[in-house]
Every structure is written in structure tokens, then in C-alpha cells.
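A short worksheet on the structure shown next.
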Amino acid sequence: MQKITTCLLFDGQAEEAMNYYVSIFKNSKILSVTHYGKGAPMPEGTVMTANFELEGRQFMALNGPMYKFSPATSFVVNCETQEEVDYYWDALVAGGKPSQCAWLDDKYGVSWQIVPKQLIQLISDSDPVKAGRVMQAMMTMSKIVIADIQRAYDAN
């Protein structure tokens, strides 16, 4: 069993959200679903928890009183290629809203960062001028376009 599991609180959408995330991430699976019993704070038979795994990390979706998600907590999806960036960005932003600098909120309000490895490499460059140009380019983007950050890095 994983020592620390992320718990996401949904207002009646725990199972739906679990199925949505499992459909997006190829290396994923549903682990279990539990239901509220008689005398519980939600109607009997309502999904209580939906436990699932994405890319080897376990999550619990819980139905309960609604709290709002915040971009102060987000999940970073590290990507190898533009195709992978595009795939995760398009899948997770559907019904949600894009933000700045690789950030988006999905249709449940959960925040994600879709980050190509090249972005981290380029903004970490020892040349502060090149790294600065990449940072400036990133600040103008929602979804990161690898070719555009590379052009900013290579500019004279």
C-alpha cells in the first residue's frame, strides 16, 4: 500500500471523475468503489470513495461536502514530446479552462500543469539570457509549445 495517497473531494462526482481520469491516463486502473450505508451523511448507496491509480500513483475520490479546488494545489504531468503535451492538454482542458504557463483547470476544477521536459531544461540553462527568453516566451502561453520555447532559447 502506498504510504501517502492524494484524496480529492467531489460533490457527488467522485466515481465520474475517477472514470474520467482513468480514461485519460493509459497506465491507470480502478482499485475499488465503496458506498455510503444507512445513517451516513449522504444517501444510502451513494458512492463514498472511488479509489484509482494513475501512472503508479494512487488517488481517492471522495463524495462529501463541497470544497472548492484551488490552483494552489496542482498535479504536474511531465511530458516527453509535443504530441504528449497536446494529448494531455486537450483531454484535461475539455470542459474546463486553460490558464497561463502550462496550467489548466479540468471540468471538475482540479488544477493540472502539462509540462514538457524541454521547458524545465531550457529555463534551467546556465545562461541567464537564454533562460530568461524561454521564461518570457512561456509567460505568453497557456499550453506550452516546445518549438516556440526552443525558438526563444535559440534567438540571438
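The values are calculated or read from the model by the stated rules, or taken from the named source; none is laboratory data. Just so it is clear, the model here is predicted, and its values are computed rather than measured. No Cβ is skipped: glycine too gets one built from the backbone with ideal geometry, and neighbour counts run over all protein chains shown. Accessible surface is based on the protein model in full, side chains and every heavy atom, while ligands, DNA and RNA are left aside. Shrake-Rupley method; radii C 1.70, N 1.55, O 1.52, S 1.80 Å.
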Look through Tyr108, Tyr88, Tyr67 and report the one residue that is assigned to a loop (DSSP other than H, G, I, E, B), touching a strand residue (DSSP E or B) at 6+ places or on another chain (Cβ under 8 Å) and surrounded by 15 or more Cβ atoms within 10 Å (Cβ to Cβ). Tyr108
Log entry, pairs with first residue in region 24-36 being within 16 Å of Ile114 (Cβ to Cβ), second being among the aliphatic types (A, V, I, L, M) and open to solvent by less than 50 Å² (accessible area, probe 1.4 Å), beta carbons closer than 8 Å, six or more apart or on different chains, reads Ile24/Ala91; Ile24/Leu92; Phe25/Leu54
For region 116-131, give me the residue count where each residue is in a loop (DSSP other than H, G, I, E, B) and open to solvent by less than 90 Å² (accessible area, probe 1.4 Å). 3
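Please pick out the residue among Glu53, Glu83 that is acidic (Asp, Glu), under 30 Å from Met135 (Cα atoms) and at pLDDT 95 or above.
Criteria check complete, one pass: Glu83.
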For Val77, only one of the following conditions fails: (1) β-branched (Val, Ile, Thr); (2) under 26 Å from Lys143 (Cβ atoms); (3) out of contact with any helix residue (DSSP H, G or I) (no Cβ under 9 Å at 6 or more places or on another chain); (4) assigned to a strand (DSSP E or B). What is its number? (3)
Restricting the search to region 144-156, which residues are open to solvent by 60 Å² or more (accessible area, probe 1.4 Å) and assigned to a loop (DSSP other than H, G, I, E, B)? Asn156
Considering only region 20-59, state which residues are open to solvent by less than 90 Å² (accessible area, probe 1.4 Å), closer than 30 Å to Glu84 by Cβ and out of contact with any strand residue (DSSP E or B) (no Cβ under 8 Å at 6 or more places or on another chain). Tyr20, Ser23, Ile24, Gly56
Quickly run through region 92-104 and pick out the residues that are under 10 Å from the mean Cα position of the chain (by Cα) and within 15 Å of Ile24 (Cβ to Cβ). Leu92, Val93, Leu104
Quick one: what pairs do we get from region 120-139, first residue of a type in the set (Gly, Ala, Ser), second not in a helix (DSSP H, G or I), C-beta under 6 Å, 6+ apart or different chains? Ala131/Asp125
